[in-house]
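The values are calculated or read from the model by the stated rules, or taken from the named source; none is laboratory data. These figures come from a predicted structure and were not determined experimentally. Positions of Cβ are generated from backbone atoms using ideal geometry, with glycine treated the same way; all protein chains shown enter the neighbour counts. Surface areas here come from the heavy atoms of the whole protein model, side chains and all, with no ligands, DNA or RNA. Shrake-Rupley method; radii C 1.70, N 1.55, O 1.52, S 1.80 Å.
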Amino acid sequence: FIYKYYVPLHTISNEMKEKSINFSTYLNIGQRFGLPIGLFWYIIFLCSMYSFQQPWLGMLGNILSFVCLITQISMIKFAQLRYGQMNFLQRWSSGLQIGLHAALVTTAGQYIYFRFFDNGHLCTTLTNMLNNSEYQEIFKQAMPGMDMQSVTDNLVNTSLSDLTLSLLTFNLFLGFVLSIITAMFSHVKMQALNETNTKENQQEQNSNEEIN
């Protein structure tokens, strides 16, 4: 529902469909769809920040992660209905542009959160995790040989600019991974494209006849 109505159909003419897909096309797709995906990521980030105190937020974040992936796949499919069928590289490039813009939106939101709203919540959460035996066991299995206390101290002492840069790097990497996944599952058959174009042409002809 979101991706279908986010791009008004009248903003993309038949002439644009006939043109070859180029960098401006990918940039246009990224600008149109990067914002809602970035908002998805930011909401998931907020859920993860408070999931230790509210476990249901962790479950909500997992559900939203799946919904976000499906939404991005649907966006690439929708873009093909607008711009024409894409091969794997073109779908990957489109997903990469979406991920790039989403990463910038998410990182900006994360900076605002840590700058104005965190108020030591991250430090409190990490301290509570240190005292939780379950999290300590998970940490030892994931990072053997590392001291959780030293990792926590380093994170707490990290400046906001360094933390933002680290988050931006992670978000860009996440966008890169998701672009590969979306490219794999967003293929649209030529028959579906032809049926969609035929319906749109019929609607345009009917509207023209009514005007005349």
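If the convex hull of the alpha-carbon atoms of the stretch 69-177 is projected onto planes in all directions, what is the mean projected area in square nanometres?
Values: hull surface 36.6 nm².
Computed as one quarter of the Cα hull surface, the answer is 9.2 nm².
Report the accessible area of residue 158, computed with a 1.4 Å probe over the heavy atoms of all protein chains in place, in Å² rounded to the nearest 10.
50 Å²
Mind jotting down the distance between the C-alpha centroids of the stretch 157-184 and the stretch 76-111, whole Å?
Rounded to whole Å, the Cα centres lie 15 Å apart.
Under unit Cβ charges (Lys, Arg +1; Asp, Glu -1), what dipole magnitude, rounded to 20 debye, does the stretch 69-141 have relative to its Cα centre? Walk me through the intermediate numbers first.
Working: 5 positive and 3 negative charges, 88 e Å.
Here the stretch 69-141 has a charge dipole of around 420 debye.
Just how much of residue 23 is accessible, in Å², when a 1.4 Å probe is used and the result is rounded to the nearest 10?
Estimated to the nearest 10 Å², residue 23 gives 130 Å².
Ignoring ligands, DNA and RNA, please state the percent of accessible area on the stretch 62-185 from carbon and sulfur, probe 1.4 Å.
The computed percentage sits at 66.
Need one value: the accessible area of residue 177 in square angstrom, 1.4 angstrom probe, rounded to the nearest 10.
Approximately 50 Å² of residue 177 is accessible to the 1.4 Å probe.
How much length, in nm to one decimal, is gained on full extension between residue 70 and residue 111, taken as 0.36 nm per residue of separation minus their Cα-Cα distance? Don't skip to the answer; put the middle values down first.
On the way: separation 41, 0.36 × 41 = 14.76 nm, distance 2.67 nm.
Separation in residues times 0.36 nm, less the Cα-Cα distance, equals 12.1 nm.
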